[in-house]
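*Asks:* Next up is a structure, given as structure tokens.
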Amino acid sequence: MTIKGFQKLQDEVRQLKSVERPKIIDAIASARSLGDLSENAEYHAAKERQGLVESRIAELEDKISKASVIDAAKIESDTVKFGATVRIRDENGADSEFQIVGSDEADIRNGFLPVTSPIAKSLIGKACGEALEVKTPGGVKRYCILEIRYI
């Protein structure tokens with residue numbers, strides 16, 4: 001994953017541990033003070049939220065521990081590799097720009113294309129000026145690589 005993606009995961013873990021956990025602890029304590037826990041909806045909701053938050057923390061910490069972090073700015077290449085920001089033109093003349101990132105960082109609306117996507121797979125290893133064809137559910141799409149940057 002990219003440095004930004006790694007930092008985003010770390011930030012989410014910090015948020016969950018330092019903000020969400022204390023809120024849940026307070027909610028559980030408050031619900032306990034109301035008495036009978038067997039019919040206490042606030043208590044059960046807080047416990048359910050606690051389980052979800054703890055599960056998410058464990059998931060994120062596992063991803064962080066296994067992450068391979070790549071600094072795209074240090075890559076020197078004339079071809080598309082993970083971390084590249086690529087500007088392409090489709091057969092209708094429309095330009096698009098994407099950074100190829102890990103699955104956890106993917107956000108197509110904001111220009112972050114997962115490396116596992118058909119377009120990214122087709123781009124990997126190609127150079128500026130090269131044409132490529134991508135098989136999509138809507139048929140074959142053709143693109144030309146206009147620019148490759150590592151930032």
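*Asks:* Within segment 28-48, is there a residue that is out of contact with any Phe, Trp or Tyr (no Cβ under 7 Å at 6 or more places or on another chain), part of a helix (DSSP H, G or I) and basic (Lys, Arg)?
*Replies:* For segment 28-48, residues out of contact with any Phe, Trp or Tyr (no Cβ under 7 Å at 6 or more places or on another chain), part of a helix (DSSP H, G or I) and basic (Lys, Arg): present.
*Asks:* Counting only residues that are in a loop (DSSP other than H, G, I, E, B) and of a type in the set (Val, Ile, Thr), how many does segment 89-122 have?
*Replies:* Residues in segment 89-122 being in a loop (DSSP other than H, G, I, E, B) and of a type in the set (Val, Ile, Thr): 2 in total.
*Asks:* If a residue has to be in contact (Cβ under 8 Å) with a residue 24 or more places away in the chain and either basic (Lys, Arg) or touching a Ser or Thr at 6+ places or on another chain (Cβ under 8 Å) (or both) to count, how many in segment 1-20 make the cut?
*Replies:* Residues meeting the conditions: 4.
Table: residues versus (1) modelled with pLDDT of 90 or more; (2) more than 29 Å from the chain's Cα centre (by Cα).
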site: Gln10; (1), (2): yes, no
site: Leu16; (1), (2): yes, no
site: Arg21; (1), (2): yes, no
site: Ile24; (1), (2): yes, no
site: Ala27; (1), (2): yes, yes
site: Ser38; (1), (2): no, yes
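*Asks:* Next question. Quick check: is even one residue across segment 78-88 in a helix (DSSP H, G or I) and out of contact with any Asp or Glu (no Cβ under 6 Å at 6 or more places or on another chain)?
*Replies:* no
The values are calculated or read from the model by the stated rules, or taken from the named source; none is laboratory data. Model, not experiment: these values are computed from the prediction. With ideal geometry, Cβ positions are generated from the backbone for all residues, glycine too; neighbour counts draw on all protein chains shown.
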